[in-house]
Structure formats: structure tokens, C-alpha cells
Amino acid sequence: MYSKEEGFFKDKKKTYSVQSVKRIVYSTDARDFGQAARSVPCQEACPAKTNIPGYIRCIHDKRYGRAYELNRMANILPGVLGRICSRPCEAACRHGEPDNGTSVGICHLKRACADLKPASHKIIEGLYSPTDKKVAVIGSGPAGLAAAHDLSVFGHKVMIYEGQEKPGGMLMYGIPEFRLPRDLLMLEINNILRMGIQITTGKKIGTDIALKDLEKEYDAVVVATGCVIPRKLGIEGEDLENVHNGLEFMAAVNEGQAPYVGKKVAVIGAGFTAVDCARSAVRLGASDVSLNIRKTQEYMRIDESEKHEAAFEGILTNSLIQPSRIIGDGKKVTGIEFVRTRMEKTDTPPFRTSVLIKDSQFTVQVDSVIAALGQGPDADGISRDLKKLKSLGDLAWKGKVFATGDFVTGSTDVITAIAGARKCARLVDEKLIGEKRRQTVVRLEDHKTTDRPRAYDFISRREMNTIDMEKRLENPANEVETGFDETRAFEESKRCYLCNLKYEIDPLACIYCSACIDVAPKDCIKMIRNIPLNDDGSYGDYEETSDWNDVVSITIENAACIRCGQCLAVCPMDCISVTKTELIEIDI
Amino acid sequence: MSSQDHYVIIGNGPAGNHAAAVLRKKDKEARVSIISDECIPYYYKPKLTGFITGSVPREDLLVLSLESYARENIRVRLGQKVERVDVDSKTLHFSHMEKIQYTKLVIASGSDSRMLPSMEPYEWALKFVTSYTDVMEYKDQIKNAQEIFIFGGDFVGFKFLRMLDAMGKKVSILIYPHAFWPYNLSDEMLDQVVANLSKTRVQVIVKDDIKDIKGSPGAYRIKTCNGIEKKADLIFSFNGMTPNIDFIKGSGIDYDHGILVDEYLKTTVDDVYACGSCAQIYNPAIKAYTVTIGWPNAVNQGEVAALNLLGDHKVITSVGRKYFDLEGVKIKTTWWKNIEDE
């Protein structure tokens, strides 16, 4: 670690306070937003813009409570998301880029701060004064809970209407307990509800209560009913006994029922629900469970650890096949016919599609089929009344009625639903109050040290420990992942590059000695002739030059920099500065 | 063909070497490079088990000497590991940070021993017969070992088992019916295998699983789910092979249980071909992708890949031995439909 302050502190006769010389700027400059987005890829990839380097640093400093709060500010349910998040941040992590090793275990660390925070931890809520406005939130899934929380913080009186008996939506009924313990889920839900939010369960809007009545009673209505209508296979035999759809199957399992699966189970689908169904079938006593997918495993919509856990539990993945017919004895399913597929290139993401191979059918004997093909919003119930809503991307709005979450976007993931709902809550508040009360800014703070030695770059990723197969089958509710202890969390936290630290060379002080270029392990320090601006005002790609006559500056490309600090250590002119860059919300 | 071409072959087995030989023969001017992560020239892998037990000397393992590569003007890079393929810039990135450009690429990287997910907690105790380097690490330990435990089975495993038995070692095997990926043993096949092994001193355990392994090299204790306890000096895992293709992941080259190639051995990316046991080949006759094993298949595929890379349109077919004999049970070397029953 290198510190510019070291020199000052050597003078024992004087007392210095680092706190007293903090210089902080709150910026709304497009260049700073662009820089933050470009150089902190994990935060940019997170739909909720969680301050990931910030909370990982807190874990490193053993400030687990602060780490939990940094999470909660952005994503409301850190303990839940630390277990089941789809982890777009890890896919974007700079440590996982070519030649940099593997991405940081961001999600495991998120769980660690929830697990390791002290019992005396204090939850922080920046509450606004009561407004006397009443808001109804329909649905208590991740989007409904996030919207209710934020609206409550804004001082509005919130009532949640939940159609099921328990709150949580897909978290409660869609995700198995062995991935998400229910006491933890209820704890984090109650942390939201205890702010004075009321909830009524077991009543469906559209059947038990009319949306129009809510519009009369409340100042605003937020629809966050998610996607609850399962997609059908659309093939012969789908109505046979022991053909389940994934959502209903998981709901039954999560309510403590044991739907019949038999010994041989074919699960159709390539997402988290399909894997949850397959793993639940193993716990119901099936001995031969397969996941059957149209493309290859590379294109499954789950992360590598889920693939690994499924394989560990003996679940086979059969790729490049598509079901064409479910075969039965007139009543129950006895087999399933598949058609083989091959991959074909397309011009749009994910740039591959599966194409059926003609006359390639084959049949497999099965006792049950679970079709987990995803789900869509309720098309017949509440949707009829909401067709005139004006779409604003991930939310929709007209008059008093707002819609958010998967109901608007189609089936996504928990973190996307939460992010959309928080945006929706801001809009609702703006309409109710008549002005914006919160804004996102870039907080810039002088930071004198690199905060980590170069040796940390070579620490290998700490994987999550899991319970053995015997314990998994002993009680289907036993949580499979055991979490990080303090030592493991500390080791993993060291791996974060801290991309929120921005390195800059002062072109007026630089003597162009190129010592920094010589010691940089990455191609991140560049001689440039220009940095053009993008249309949105942010910096574009650097225009490099090797001709000294054209060089206007030696510049650090923060999108390539791994924050090793070697440039800072070697600079003879002390012209490299470090600035902590964070996206935060402040009052306007 | 232009003399500027650089044909790169990843893999130094039968598929890779035969591809290189065809490329050199057909294009005298081009640069031809073979890359291998092993530090030994082209060797006969099926003889590794014999090499371990001492019945095959090192000289007999080698198929080609380093001098013969030089004579053919083929550059061979030994002990070098490709970490990543960038198909847009046609660049290979090595673990030692070097980058090289290719004009056309043949991937013939073969397979590694498959680690079953359920056995990962015991990785520290397991030994594999995958490469010459692996084998050199424990060759002497085998000589001194008295009791050896084999977990899984597979073709190499059974060959090894017979050799250890002949050496007078006390051998136990826990047979996994699905150790023979991509084939599974049926109950009848398993019964026949067990019946044939009963004529040896090998102790056979079936329909069981490992519950726990404790100890250290020379003194392991294995417990099974059915309560059997075994002592062993060494534990070997033979659970089939898995294609050695980690370096292509994320490159845009499609893979499934191997690199997906059409009947011409062309991958989903232009100018990249794959052959041998790392490839999963589309077979129009059965309208499915199949994996092949065996030396003759690898040789044939290497040659066909090279010819097609140079502009030919040869459709690959299954060649060589049609069946492997596993303790009296016949197992097909490929899933090719036109393979005749004998």
C-alpha cells in the first residue's frame, strides 16, 4: 500500500487529523456520471446501482453493519439478494476480465455483511415528515416491497394488497427454502413493514377488490403484481396428470405439499425456476432428474454455481433438444418425445437460436414432466384495466395509477424489479408532492492512499461452502450454502480492485517521464491527443498517439486500470491523484 | 495457398499431429505450429497405464521425436497453455502472456479426466491418469503401494485395474455405471462386468457411493454409503473424460459436451475447426451431435479437418475399431448409426 500522507505523519511533534482535510464535491456533471459508469463496471451493471466497492471495503474493514446499510440503501433486501441475486455485477467485474483472473464473489460478500452484522446493528432510514397522502401498493413481491418502502420513507401512508396468504411474492412462493430461508426472508420483509406499512393478504385485486375502488380511496395506486401466468409448452399431452408447470409446482412445494414426481423427472426450461424445480424434485425422492434445454448450457439463464449445484445433486442437463409431445396412457404421463436442435447464428443478442432438426424425434420414458418456461403478467385480471397506461420503459403511469416491476417489463429478476420499483416510487412521490425531492449525484472525495497492496491481485476467489448431500435430503428446507465466516469474507474482500477509486494524472505537473507507463501491469496509461465527448456529455474513447508531437497528455484509462497503485508509487512529481467516486442519492 | 498463412493446431495428440502432417504436405510454404500444454512430444496415451506399471519404457511411449518435427518444418510449442482465443483478431493468448496470430485454427485439445461434482470435496485425495506429467508424479508411489482403491471405472480404469492386479496389488473398485461418459452401463452390462471380475482378486463394490475419505497419501480411509470401510495407499478416479475446452469459453465458438462442429468439422466460427475427442460432431445420418473416442477416429478426423481447412469438403465418418471390450461387454466407440453389429 502506498500513502502520500506517510511523509507528513513522520513528524511526531505535530498532530494531524485526516478528517479535517477531507474535500468532498457533489457533481451532476455528465462527465463524472460517464466516468463512474465506465470505470466502476459492477455498480453500472447492477440495476439498483448498489455501491459495491464501497460495501466490500467496509467488509474488509470489518464494518459489516455499514456494509449492510450501503446495500440496503440501494437494494432493500441484502440478506435475500446475497443468496438469490442473478449477479449481473459479477459478470461485469473487472477482476473477471481476460488476464485478470476471476470475478470477485460480490454476491457471497453481500450475504456476508447480512450474516456478520452485529446483533446490535441499527437500521438507518432517512424518514421525511408525514404527508397525509395515501398510497395503495398491489403485490408484495420484491417490486411491491421496494415501492412500499420508499413511499413510506417519503412520508406517505402505504397499504399493500397481497393476493396470497403470505407476503413476498415470488420470493416466498417461487424460490425454494433451501436457497432462501424463510425466517431470513420474513426478517427483511418485516424490516420494511415495520415502518408503519399496512398489509392485507389473501385478497386479489380484480376479483376481491376493484381497482377503481382503490383509485377512489387512495391518492395513488402502484401495481406491482409481477408475472404470475406460466408460459405453456403448447404441445400435445400438456394436460395429462403429472405434467406440472414450474410456478405452480414450486408454489406447492413452498407451501409444504409434495406434488407427485415419481422416480424419473424431465424438467423443461433453462432458467432459475427450472433448476429450482429439478432440485426440489430430487428432494421429493426422484432419482433420475434431467434438465432439458433447447440450446447449449452456455446460454442457460443461470450462473455457474447453480449449474454446479444441479450437477452435484445428480441432475443431468440434456442440451440441444426441444419437447414435441408428451406421451400418456390416456390419464397419466408415461413419456416425452423430443426433437433434436442445432445452433444457428442470429444478428441480435444472444446471437444464437436453436433450430429444429427435421425427423430427429426420440422418446424418453418419464414419470412426470415439469415445464418451467418462464411466466408473463396476468393478462385477464388486472391488466384489462391498465391498457391505457403510458409506458416509461420499466414503469408505466396514467393519472393516479402507476405500474412497475415484472408486471411492466415481463419476467426479469429480483434486483431489476427492485430497481424499477424504486424509480417508480420517486415518480409517485413527485406527482403527489409536485416536486422532485431526491436526486442522484456523483460524490467525489480526495483519497490519499491506494487502499490495497498489489499482492491482493493474486488471491484466488473464495468459493462458497455447501452442506453435503445427506443433509440436503434429510430436510428439504436445509439451506445448501453455508455462508462466509469472517476470515473467508476478509480474504475475498481483499480481491476487490476498488474501481471506485479514480486515478488521474495532473497534465500541468506531469513531466512526461513515462515512469508510470513502465511499471503499469496493464495497458492503462496512455499517451493521447484528444478525448472526444459523447452526445450525452460524457467522455468518449481516448484517441491515442505514439507521436510525441501530438501528445497533449498522459492519461490513465480508468476502464482498464486495475488500481494496483504502482503508477502512484513511482511518480517522481507526485502528480497522480486518487479520488473516491460514488453514486449517491441526496435531497434536492 | 499463400506462404503468409499460419496454421495453428492446439493439441499434440493423434488428431493434432495428423492435421499438422496433412497441412505441411499440402502447403509447403505456410507456417505450421502445434501447441501442447504437456512437456513431452507426441506420445501414445493409451500406453500410459503400461508406463505406470513399468511394462512400457519411456522410449516406447513416444510416437514422434522432437527432431522429426524439425525435419517437417513444424514448430512445436511444448509446455505452453492457451488461455483464450480471440476469434475476431485471430489471436491466441497464452498463460505466459504471449499472443500469437493464426490464419486458420485446428482445435484438437483432447480430453481430461472427468471430476464428478460429488467428488470435488475429495479432489485432494484423488489421482488421475490423464497426462504424462500427472503420471510422473506418482509412478514411484504405485510401486511401493500395497492397497489401491479405484473409484468409477471407465475403459482406461479397467485396463489399469487388470495391470495392478497382475502386479500383485490389492485392488478394490467401486463401479459407477455412469463413469463411462458418454455411455451408461445398463444393469445387465454391470452384472456381466462384475461376473468377469470375480475371476480376479479384485474386490468389486457396486450400487454404492463414497461417503467420506480421510487420511493422507499412503494411509487413506474410505467409507461408503452402505457402510463398507476400506484402507488404501492410493485412490484413483476413472470417471470418463471431459473435453479440454475451457480456453474457448466466451470466444463465440459454440460448445456443448465438446466443441460443436458440422460434418465437415467446422466450428460455428469461420476458419476454426475441431477434431478428436474435444469435438462434438454433427452426424446427418442420425441427425444428432456425437462424440467419438479412440485413436483411429482421432487420426481420421485430424486429416479431414486439415483437408477441409484447405478448401476440401470431406464429410467425416466413423473409422477404426467399432467396439471397446470392457470385461466382456461390448461398448460402441461412437454413436454412429451406420456402425455394424458384429
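Comparing each chain alone with all protein chains together (probe 1.4 Å, DNA, RNA and ligands left out), the residues of the range B:216-256 losing at least 30 Å² of accessible area are B:Asp254, B:Tyr255, B:Asp256.
When only the Cβ of Lys, Arg, Asp and Glu is charged (+1, +1, -1, -1), the dipole of the range B:121-250 relative to its Cα centre reaches about 420 debye. Residues of the range A:72-101 whose accessible area, computed with a 1.4 Å probe over protein heavy atoms, drops by at least 50 Å² once all protein chains are present relative to their chain alone are A:Asp99. Solvent-accessible area per residue in the range B:114-241 equals 46 Å², computed with a 1.4 angstrom probe and all protein chains kept. Between 0 and 90 degrees, the angle of helix B:154-166 with respect to the longest Cα principal axis of chain B falls at about 50 degrees. Of the residues A:Ser287, A:Ser103, ranked by 1.4 Å probe accessible area with the largest first, the sequence reads A:Ser287, A:Ser103. For the residues of A:315-322, the average number of beta carbons from a partner chain within 10 Å of their own beta carbon is 2.
Please compute the net charge surrounding A:Glu248, taking Lys and Arg as +1 and Asp and Glu as -1 over other residues with Cβ under 15 Å from its Cβ. Spelling it out: positives minus negatives among the neighbours equals -4. Other residues whose C-beta falls under 12 angstrom from the C-beta of B:His313 contribute a net charge of -1, scoring Lys and Arg +1 and Asp and Glu -1. Of all DSSP beta bridges in chain B, what percent run antiparallel (nearest 5)? Close to 45 percent. Across the options A:Ser577, A:Ile175, B:Val299, the greatest Cα extent toward the positive end of the charge dipole of the protein assembly as shown (unit charges at beta carbon of Lys, Arg, Asp, Glu) belongs to A:Ser577.
Residue pairs exceeding 25 angstrom between C-alpha atoms, taken from A:Lys203/A:Lys436; B:Lys47/B:Lys314; A:Lys49/A:Lys134; A:Lys134/A:Lys204; A:Lys110/A:Lys203: A:Lys203/A:Lys436; B:Lys47/B:Lys314; A:Lys49/A:Lys134; A:Lys110/A:Lys203. Overall shape: oblate for the protein assembly as shown, with the ratio a/c of the largest to smallest alpha carbon gyration tensor axis at 1.5 or above and b/c at least equal to a/b. The charge dipole of the protein assembly as shown, taken about its Cα centre with unit charges on the Cβ of Lys, Arg, Asp and Glu (plus for the first two, minus for the last two), comes to roughly 960 debye. When each of the peptides B:284-297, A:298-311 is scored by the mean number of other C-beta atoms lying within 10 Å of its residues, the order from highest to lowest reads B:284-297, A:298-311.
So, with a 1.4 angstrom probe, what is the percent of accessible area on the range A:19-140 that is carbon and sulfur? On the range A:19-140, the fraction of accessible area on carbon and sulfur atoms equals 53 percent. Screening chain A for whole DSSP H helices with an alpha carbon extent of at least 18 angstrom along the helix axis and a mean Kyte-Doolittle hydropathy of at least -1.0 yields A:414-433. Between chain A and chain B, the total buried accessible area stands at approximately 1700 Å², from heavy atoms with a 1.4 Å probe.
The long axis of helix B:14-26 is offset from the longest Cα principal axis of chain B by roughly 20 degrees. Taking a Cβ cut-off of under 11 Å around A:Arg31, the surrounding Lys, Arg, Asp and Glu residues balance to a net charge of -2, with basic ones at +1 and acidic ones at -1. Look at the alpha carbon pairs under 8 Å that are at least 6 residues apart: their mean separation over the length of the range A:388-484 gives a relative contact order of 13 percent. Pairs exceeding a 32 Å alpha-carbon distance, out of B:Lys81/B:Lys199; A:Lys117/A:Lys263; A:Lys166/A:Lys307; B:Lys99/B:Lys143: B:Lys81/B:Lys199; A:Lys117/A:Lys263; B:Lys99/B:Lys143. Ordered from largest to smallest accessible area (heavy atoms of protein chains, 1.4 Å probe), the residues A:Val551, A:Val137, B:Val156 come out as B:Val156, A:Val551, A:Val137. Along the charge dipole of the protein assembly as shown, pointing to its positive end and built from +1/-1 on Cβ of Lys, Arg, Asp and Glu, which listed residue (A:Met186, A:Ser27, A:Ile528) has its Cα farthest out? Farthest towards the positive pole: A:Met186.
Which lysines, on any chain, are close to A:Lys448 with Cα under 24 Å apart, when same-chain ones fewer than 8 places away are left out? List returned: A:Lys4, A:Lys10, A:Lys12, A:Lys13, A:Lys14, A:Lys22, A:Lys62, A:Lys494, A:Lys502, A:Lys522, A:Lys526, A:Lys580.
Only Cα pairs under 8 Å and 6+ residues apart enter the sum, and on that basis the relative contact order of chain B stands at 18 percent.
For the range A:505-576, a simple Cβ point-charge model (Lys and Arg +1, Asp and Glu -1, everything else neutral) yields a dipole of about 300 debye relative to the Cα centre. Specify which residue in the list A:His121, A:Ser538, A:Ile554 is farthest towards the positive end of the charge dipole of chain A, using unit charges on the beta carbon of Lys, Arg (+1) and Asp, Glu (-1), about the Cα centre. Projecting each Cα onto the dipole axis, the largest value belongs to A:His121.
Here the contact order of the range A:505-576, divided by its residue count and restricted to Cα pairs under 8 Å and six or more residues apart, works out to 43 percent. From the Cα gyration tensor of the range B:114-241, with a ≥ b ≥ c the square roots of its eigenvalues, which class applies: rounded if a/c is under 1.5, or else prolate if a/b is larger than b/c, or else oblate? Since a/c stays below 1.5, the shape of the range B:114-241 is classed as rounded. Take each residue in B:284-290, count the other chain C-beta atoms within 10 Å of its C-beta, and the mean is 4. The alpha carbon gyration tensor of chain B gives principal lengths a ≥ b ≥ c with a/c of 1.5 or higher and a/b greater than b/c, which makes the shape prolate.
Within the protein assembly as shown, antiparallel bridges make up roughly 55 percent of the DSSP beta bridges whose residues both belong there. Angle of helix B:132-144 to the longest C-alpha principal axis of chain B, folded into 0 to 90 degrees and rounded to 10: 20°.
The values are calculated or read from the model by the stated rules, or taken from the named source; none is laboratory data. None of these values were measured; they are calculated from a predicted model. Here the Cβ is made from the backbone with ideal geometry for all residues, glycine too, and neighbour counts use every protein chain on show. For accessibility, only protein heavy atoms count, side chains too; no ligands or nucleic acids. Shrake-Rupley method; radii C 1.70, N 1.55, O 1.52, S 1.80 Å.
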